[in-house]
Amino acid sequence: MEDFVIEFMFFLEVLFSGLLTGTLYSLVALGFVLIFKASGVFNFAQGAMMLFAALSLVGFQEMLGVHWTVAFLLTVVVMILLAWCVEKFVLGKLVNQEPIILFMATIGITFFLDGFGQTLWGSDIKPLDIGLPTGSLDFGGIFVDQLELVAGATAGGLVLGLAIFFNKTKIGRALRAVADDHQAAMSVGISLRNIWIIVWSVAGLVGLVAGIMWGSKLGVQFSLSLLALKALPVLMLGGFTSIPGAIIGGLIIGAGEKLAEIYLGPFVGGAIENWFAYMLAMVFLLFRPQGLFGEKIIERV
Amino acid sequence: MSLKKFVLGAVGAAVLAAPLAAPAPALAEDTLYLPKLVYRTGPFAPGGIPTANGASDYWAMINERDGGVNGARVIYEECEFGYNTDRGVECYERTKTNHGGALIYQPYSTGVTYALTDRTRTDKIPLLTMGYGRSDAGVGTAFPWVFPLMTNYWGQATGIFKYISEQEGGIDAMKDKTIALVYLDIAYGKESIPIFRTMSEKFGFTLKEYPVTFPGLEQKATWLQVRRARPDYIVMWGWGAMNQTAIKEAAGIRFPAEKFIGNWWAGAEQDTVPAGDAAIGYKSATFNVAGKEFPVIQEIVKHVYGKGNGAGEENVGQVLYNRSVVTQTFIHAGILAAQEKFGVKAITSEQLRWGMENIKIDDATAAKMGITGMVPNIAPTCEDHIGGGSFFIQQWDGKKWNLVSEPIEPMNDLVVPAMQETADKYLKEKGLEPATCG
C-alpha cells in the first residue's frame, strides 16, 4: 500500500510538472498563433524572435548596466523596430502572394535573426536574472518548480490580455478582418501595412516574455530558438488560430511527453519525448484535422 | 542601369573576383598549414568558442614570438561547422588540400571524429582527438592516423568510478550503491555506456542510464526519474547547452552537488557560471588545470593580447581555453619532432604522424613548452596512441575550479582489453590489415 501511495505521488509530480512545462511551450506557441491568426502567415521565425528578444534584453543589461525594466523597455522598442523592418523589407513586398512564399520568407528571417543576434550579442550562455524565484517548493514530497509556477501564471495573464485585445479593441477587430481577407480589409480602409507591424510587434512582445521565462530557466543561448520545434506539436494539437488552443495544447503536450518519457521511455531506450509530442499531436489530428480549437475550413468547389 | 541592378552586379563581381584577389603566398616561404574545424555558433558554441580561441591565440603567439616553428610560419585557418557532422566533413574536404596540404585535424566533436576516421586514413592526415572521439582509437595499429592522447572516455569512466569508490571507502563498499549515468543521447554521450556496464557487472553496483534528448534543453523528465531512483552518485556525459541545465535540475531535486560528477566536457566555467549557486560543490573530471599563471598563457597574454590582438580575452585561463592551448603544444611538439627527424621545416602530414607518435611530454619538455603543472606527462608510441596519462577531479566553489584529487589513472586492466577487442572488430569489419610498427 505504501509503495502504491509513493508511486501515485510520483505520478502526480510528473503530471503537474508536465502541465507546468506545457505552459512554457504555450508561451512560445502563442506568438505563432498571433501572426497566423492576423495575417495567415505561419511565422517560422517565432523561435528566432524569442532568442533575439532575450539576447537583446541581456545584452542591454550587460552593455548599459541598467535595471532589467529599462532593458525590457529598450527591447520592446527593438522588437517594434524589427516588426517595422519585417514589414518594410520582406512582407510588404509579398502582399497577395501565395502563403507558401510568405512562409519561405519567414524561414529566411529565422536564419538572419539567429546569425545577426549572435553576431551582435555573442554566442555564450548568458545568465538571465530578473529576480524570478528559482528552486523547488515541497508540497508533501511533491517538488514543484517555482519558476514554472510563475510561467504558468504569466501565460494565463497573457492569454487574458490577448483575448481582450482581439475581441474588445478596434485594432483587434481590424486584425481579425485582415486575417479573413487581405483585399476586403484593404478595400474598407484598413491599412494592411500598419496591421502587420502591430501584429509582429505583439508577437515580438510575446516572444520577449517567453524568452525571459526560458532564459531564466536555461540561460540565454542559441538553443532557445530550437524551442520553436517544441511549439509545433502544441499548434498542431491546439489549432493554429486559437489562443486558448495554444494553452490547452501546451498542457496536453507537456503532460503527455513527460508521462510517456517516464512510463513508456524505459521500454524503448528512453529519450522519446521529442518525437512522442509529434505523434500525440498527429493522433489528435486523426479525429480533429483542424486541431482542438482550430477553425474548420470549408471551401466551396 | 537601375541602382538595384548596379548593386547586384557589383556584389556579384566582387564575389567572383574574391578568389583571384587573395594574395598568393610567397613560394620560397616554408609554411605549416593547420586548419581548425570550429563551432563559434550554434547550441554548442559556449564550448566551441574557448576551444577555438585557445588554438587561434596559441598559433598567433608562436608566429609573433618565434616567427613560426623553426622558421616555418604557421597558417592557422578556421572553418565553422556549427557542431553539425555533415558540415564538419564538408569543412575537412574543403580545406585538406589548401596551402600545400593540411597537417592535422582537431574537430572537438565525436560525431565528426567518427565521420573522419576512414577519410583521414585514406588521405594520410592525423586526426587529433585529445580527450574525445572513439575510445578504441588509442590502438595505434588499428587506427594509425587517430590520436586520442592522454586518456579516452573509457579510461575516464573507470577513473571517475575509482574516485567515487575512494569516497565511499573502497571498491568493495560500492556493491550496494547506485550510480546514475545521465548522458546526451548522441554518439558522444553513448560512448561511456559499455564500460559502465562492464564495471557494474564486475564491481556489483547498480547502474541506471538516463539519456537526455539532444541538445538537452528540456530535461525535466530525466530528473524526475533520477529523483525516483535515489542514486548515491550521478555521473554526467554532457556537452554544451545540456550541462548547466542539468546542474540546475539536480539542485532542483536537492541532490547533493558534491556527489554529482561530470566528465571533462561537463566541467568548464561555461557550465557552472550560468548555473549560479546551483553549481557550488559540483565536481568534474579534467586533464588540464585552469588558471593564467602558467608560462604559456603568460606568453599569449604578452605577445598576443599585449599587442592588441587575440580572439577572446575573457576566455584566457579558463578550463576549455587552457585545454585547447595544451592540445596545440602537443601538436607543436609533434612538429618539432618531425622536423628534427626528417630534416625539413615544412613537414608533411605523414611526417607529422611520426612526430605525434614520438612526442615525449616529460618534465623537461613541459618546461620548454611552458606547460609545467598544467597537464600530466604523456609518451605515445606507434602502438599506443594514448601515451599513458591521467586526470584529476575538480570542484567548483562558486568562483573558480579547484583540484580535489591526486592524479587518477584509468583501470587499464579493464580498458585496454576492451579497446583491443573493438579495434580488432573494426579491422575485421572494414577488411583492413593492422599497421606495422617499428
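General observations
- Among the residues of region A:47-63, the ones that are crowded, with 17+ Cβ neighbours inside 10 Å and either without any contact (Cβ under 8 Å) to a residue 24 or more places away in the chain or under 17 Å from the mean Cα position of the chain (by Cα) (or both) come to 11 in all.
- Residue-level check: of (1) in contact (Cβ under 8 Å) with a residue 40 or more places away in the chain; (2) farther than 16 Å from B:Y188 by Cβ, B:T122 misses just (1).
- Considering residues of region B:88-103 that are in contact with a Ser or Thr (Cβ under 7 Å, 6 or more places away or on another chain) and in a loop (DSSP other than H, G, I, E, B) only, the residue nearest to B:Q351 (Cα to Cα): B:L103
- Of the residues B:W145, B:W154, the single one that is more than 30 Å from B:I347 (Cβ to Cβ) and crowded, with 24+ Cβ neighbours inside 10 Å is B:W154.
- A count restricted to region B:347-370 and to residues that are hydrophobic (A, V, I, L, M, F, W, C), crowded, with 17+ Cβ neighbours inside 10 Å and over 22 Å from the mean Cα position of the chain (by Cα) stands at 1.
- One residue stands out among those in region B:386-401 that are part of a loop (DSSP other than H, G, I, E, B) and within 21 Å of B:E166 (Cα to Cα): the one that is modelled with the highest pLDDT, which is B:S390.
- Verdict on A:G152 being more than 9 Å from chain B (Cβ to nearest Cβ), within 19 Å of the chain's Cα centre (by Cα) and either surrounded by 14 or more Cβ atoms within 10 Å (Cβ to Cβ) or without any contact (Cβ under 8 Å) to a residue 60 or more places away in the chain (or both): yes
- If the condition is being in contact (Cβ under 8 Å) with a residue 60 or more places away in the chain, within 14 Å of another protein chain (Cβ to nearest Cβ) and outside any helix (DSSP H, G or I), then region B:184-209 contributes only B:I186.
- Residue in region A:277-284 that is within 14 Å of another protein chain (Cβ to nearest Cβ), farther than 30 Å from A:P133 by Cα, in contact with a Pro (Cβ under 8 Å, 6 or more places away or on another chain) and of a type in the set (G, A, S) present: no
- Of note, A:S216 does not satisfy the criterion of being closer than 30 Å to B:A45 by Cα, without any contact (Cβ under 8 Å) to a residue 40 or more places away in the chain and part of a helix (DSSP H, G or I).
- Selected residue [modelled with pLDDT under 85, more than 20 Å from the chain's Cα centre (by Cα) and either among the β-branched types (V, I, T) or under 23 Å from A:F8 (Cα atoms) (or both)] from A:G270, A:G265: A:G270
- Failed criterion for B:K162 (all others in (1) buried (at least 23 other Cβ atoms within 10 Å of the Cβ); (2) assigned to a helix (DSSP H, G or I) hold): (1)
- Restricting attention to region B:210-220, the residues that are part of a loop (DSSP other than H, G, I, E, B) and among the hydroxyl-bearing types (S, T, Y) add up to 1.
- Complete set of residues in region B:278-300 that are within 16 Å of B:K368 (Cβ to Cβ) and touching a Lys or Arg at 6+ places or on another chain (Cβ under 9 Å): B:Q298, B:E299
- Selection status of A:V66, assigned to a loop (DSSP other than H, G, I, E, B), at pLDDT 90 or above, surrounded by fewer than 17 Cβ atoms within 10 Å (Cβ to Cβ) and more than 14 Å from chain B (Cβ to nearest Cβ): yes
Listed here are the residues, each with its yes/no results for (1) at pLDDT 95 or above; (2) touching a Phe, Trp or Tyr at 6+ places or on another chain (Cβ under 6 Å); (3) over 13 Å from B:K36 (Cα atoms); (4) crowded, with 18+ Cβ neighbours inside 10 Å.
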| site | (1), (2), (3), (4) |
| --- | --- |
| B:A52 | yes, no, no, yes |
| B:Y58 | yes, no, no, yes |
| B:M61 | yes, no, yes, yes |
| B:I75 | yes, yes, no, yes |
| B:N84 | no, no, yes, no |
| B:C91 | yes, yes, no, yes |
| B:R94 | yes, no, no, no |
| B:Q106 | yes, no, no, yes |
| B:T120 | yes, yes, yes, yes |
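- Residue in region A:196-208 that is within 14 Å of another protein chain (Cβ to nearest Cβ), crowded, with 24+ Cβ neighbours inside 10 Å and either within 19 Å of A:D180 (Cβ to Cβ) or touching a residue at least 12 places away in the same chain (Cβ under 8 Å) (or both) present: no
- Region A:264-281, subset in contact with a helix residue (DSSP H, G or I) (Cβ under 8 Å, 6 or more places away or on another chain) and farther than 19 Å from B:Y183 by Cβ, residue surrounded by the fewest Cβ atoms within 10 Å (Cβ to Cβ): A:L264
- The residue that is surrounded by the fewest Cβ atoms within 10 Å (Cβ to Cβ), counting only those in region B:223-251 that are away from chain A (no Cβ under 14 Å) and either acidic (D, E) or in a strand (DSSP E or B) (or both), is B:D232.
Residue-wise test of (1) among the hydrophobic types (A, V, I, L, M, F, W, C); (2) in a helix (DSSP H, G or I); (3) in the same structural domain as B:F214 (by TED's automatic domain parsing); (4) farther than 25 Å from B:E357 by Cβ.
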site	(1), (2), (3), (4)
B:P144	no, no, no, no
B:A157	yes, yes, yes, yes
B:G169	no, no, yes, yes
B:V182	yes, no, yes, yes
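- Among the numbered conditions (1) touching a Pro at 6+ places or on another chain (Cβ under 6 Å); (2) in contact (Cβ under 8 Å) with a residue 12 or more places away in the chain, the only one that A:S223 does not meet is (2).
- Top-ranked residue in region A:115-149 [being facing chain B (nearest Cβ under 8 Å) and among the acidic types (D, E); ranked as surrounded by the fewest Cβ atoms within 10 Å (Cβ to Cβ)]: A:D129
- Among residues of region A:27-44, those that are at pLDDT 90 or above and among the basic types (K, R), counted: 0
- Restricting attention to region A:86-101, the residues being in contact with a helix residue (DSSP H, G or I) (Cβ under 8 Å, 6 or more places away or on another chain), surrounded by fewer than 19 Cβ atoms within 10 Å (Cβ to Cβ) and aliphatic (A, V, I, L, M) number 4.
- Checking B:I171, B:I164 one by one, the residue that is more than 24 Å from the chain's Cα centre (by Cα), among the hydrophobic types (A, V, I, L, M, F, W, C) and more than 14 Å from every other protein chain (Cβ to nearest Cβ) is B:I171 and no other.
The values are calculated or read from the model by the stated rules, or taken from the named source; none is laboratory data. Small disclaimer: the values here were computed from a predicted structure and weren't measured. Using ideal geometry, Cβ is built from the backbone for each residue, glycine included, and neighbour counts are taken over all protein chains shown.
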